[in-house]
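What follows is a short report on a single structure.
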Amino acid sequence: LIEPWSQKIIYSRDPHRKKPPASTAKLVTALVVLDQLALDRWVTVSSRVERVEASKLFLHGGDRLRVRDLLKALLMKSANDAALALAIEVSGTESAFAELMTQKARSLGAKNTRFANASGLPAKGQYSTAYDLALIMREAVKNDYLVSLLKLKSTTIETAQGRRFYIRSHNKMLWRRKGVIGKTGYTRNAKYCFVGLIER
């Protein structure tokens with residue numbers, strides 16, 4: 001638990017223990033995408049995304065969506081196919097994109113973090129820590145567009161071809177607690193994960 005602007009640590013337990021990050025990794029995916037792509041850019045989805053494990057939108061190869069809408073799917077629904085579509089658009093391959101993610105994390109001081117994919121799905125050599133994720137979240141909330149997405153409970157996005165998707169946030173605390181935003185995650189190895197900002 002860190003006071004974001006002073007970086008004063010209020011409470012910690014095993015803050016530097018390396019663990020799988022699950023979908024909290026998608027915050028770094030979003031940060032890298034925002035460094036590289038304009039929000040209104042159209043992305044043509046690769047057919048490679050159709051084989052990705054859920055959670056996902058069930059995008060098809062050839063679908064065209066704007067970056068801003070893929071980010072909504074990424075951060076609200078935690079869509080793994082949206083993560084891969086964005087990674088391919090930026091870097092051509094997911095492994096090359098994961099290297100950019102690791103570089104981004106390290107630039108924020110997250111020295112005990114390494115990414116192997118854009119989604120946070122289980123992968124060898126992929127890990128982060130509670131402390132590093134706090135630093136990553138601290139950077140994410142500096143971006144007004146990311147904050148607006150993390151506050152959204154639900155929305156609708158549409159492909160250029162007219163396919164519509166209703167998206168509901170996975171962060172149930174938006175309905176239960178005022179002033180709590182963040183990114184959830186779950187895999188069997190990582191268990192339940194959350195990194196967020198609490199305003200009081």
Calculated SAXS-style log₁₀ I(q)/I(0) at q = 0.14, 0.27, 0.28, 0.29 Å⁻¹ - the stretch 80-130, Debye, Cα scatterers | -0.32, -1.03, -1.07, -1.11
Before rounding to the nearest 500, sum -39500 (n - 2.57) across all DSSP H runs of length at least 4 in the chain and divide by the residue total; then give [θ] at 222 nm in deg cm²/dmol.
-> -9500 deg cm²/dmol
Rounded to a whole number, what is D in µm²/s for the stretch 45-144 from Stokes-Einstein with the Kirkwood radius over alpha-carbon pairs (20 °C, 1.002 mPa s)?
-> 153
Write down the accessible area per residue of the stretch 16-89 in Å², having rolled a 1.4 Å probe over the full set of protein chains.
-> 38
Grab the Cα-Cα distance for residue 155 and residue 178, subtract it from 0.36 nm times how many residues apart they are, and report the gain in nm with one decimal.
-> 6.4 nm
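What are the trypsin sites (Lys or Arg not before Pro) within the stretch 117-157 that DSSP puts in a loop, where the Cβ has at most 14 other Cβ atoms within 10 Å?
Qualifying residues, ordered by number: 124, 142, 153.
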Where in the stretch 71-114 does the amide nitrogen come within less than 20 Å of the point 7 Å from the Cα of residue 9, taken along Cα to Cβ?
-> 105-114
Which is the longest part of the chain that has none of the GluC sites (Glu not before Pro) sitting in a DSSP loop with at most 13 other Cβ atoms within 10 Å?
-> 54-198
Take residue 51, project a point 7 Å from its Cα along the Cβ direction, then tell me which residues of the stretch 78-106 have their backbone nitrogen under 13 Å from it.
-> 94
Given 25 °C, 0.890 mPa s and a Kirkwood radius over Cα pairs, the Stokes-Einstein diffusion coefficient of the chain in µm²/s is 147
Can you check how the C-alpha radius of gyration of the stretch 100-200 compares to 2.2 N^0.38 Å, as a plain ratio?
-> 1.19
Of every hundred units of 1.4 Å-probe accessible area on the chain, the number belonging to carbon and sulfur atoms, as a percent, is 47
Taking a crude spin-label model, label points 7 Å out from Cα along the C-beta direction, the residue 166 to residue 186 distance in nm is 2.1
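The values are calculated or read from the model by the stated rules, or taken from the named source; none is laboratory data. Since this is a predicted model, take the numbers as computed values, not measurements. Don't worry about glycine lacking a Cβ; one is built from the backbone with ideal geometry, like all the others, and counts go over all protein chains shown. To get the accessible areas, we keep the full protein, side chains included, count just its heavy atoms, and leave off ligands, DNA and RNA. Shrake-Rupley method; radii C 1.70, N 1.55, O 1.52, S 1.80 Å.
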